[in-house]
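For reference, the structure discussed in these notes is given below.
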Amino acid sequence: MVLSSVEKQKIIAQFARGDNDTGSSEVQIALLTHRISNLTEHLKSNPKDHSSRLGLLKLVGQRKSLLRYLKNKQYDLYIHTIKTLNIKDRA
């Protein structure tokens, strides 16, 4: 599922540091989390879609590296982000 521009703007507005912030770690993590949840739902109904499964694994790896970066640089923001997105702390 492709994110509609309205949904994307809502996510960006919720996690942005400023008015023009669209690329900070928190925003990227939030957008990846939304895409991961959509792909997970897709794979529940389409278990033989292996290309989507590979895409999901790539997205999870991307999010994991961004979370690791955020945890090392700004721990308070990391804690806030994972609590807001309901992500487990796997460190």
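The values are calculated or read from the model by the stated rules, or taken from the named source; none is laboratory data. Just so it is clear, the structure is predicted and the values come from calculations on it, not from any experiment. The protein model used for the area step is the full one, side chains on, heavy atoms only, and it has no ligands, DNA or RNA in it. Shrake-Rupley method; radii C 1.70, N 1.55, O 1.52, S 1.80 Å.
Miscellaneous remarks
- Using heavy atoms of the protein chains and a probe of 1.4 Å, the accessible area assigned to Leu54 is about 110 Å².
- Largest to smallest accessible area among Ser37, Ser5 [probe 1.4 Å]: Ser5, Ser37
- With every protein chain in place, the chain: carbon and sulfur % of accessible area (1.4 Å): 52 percent
- Equivalent ellipsoid, region 8-54 (semi-axes from 5 times Cα gyration tensor eigenvalues, Å): 28, 9, 6
- Solvent-accessible heavy-atom area per residue, rounded to whole Å², over region 1-40 at 1.4 Å: 63 Å²
- Of the listed residues Val60, Val6, Val27, the order by accessible area with a 1.4 Å probe, largest first, is Val6, Val60, Val27.
- Rounded to 10°, Cα long-axis angle of helix 75-85 versus longest principal axis of the chain: 40 degrees
- Helix 5-15 axis, angle to the chain major axis (alpha carbon atoms, nearest 10°): 40 degrees
- With all protein chains modelled, accessible area of Asp49 [1.4 Å, Å²]: 40 Å²
- Note: relative contact order over the chain, using C-alpha pairs below 8 Å and six or more positions apart, is 24 percent.
- Which listed pairs, of Lys44/Lys64; Lys44/Lys73; Lys48/Lys88; Lys10/Lys83; Lys8/Lys48; Lys48/Lys83, have C-alpha distances above 25 Å, in listed order: Lys44/Lys73; Lys48/Lys88; Lys8/Lys48; Lys48/Lys83
- Rounded to 10°, Cα long-axis angle of helix 50-73 versus longest principal axis of the chain: 10 degrees
- For region 22-91, the share of alpha carbon pairs falling in successive 10 Å distance bins from zero is 20, 50, 24, 7 percent.
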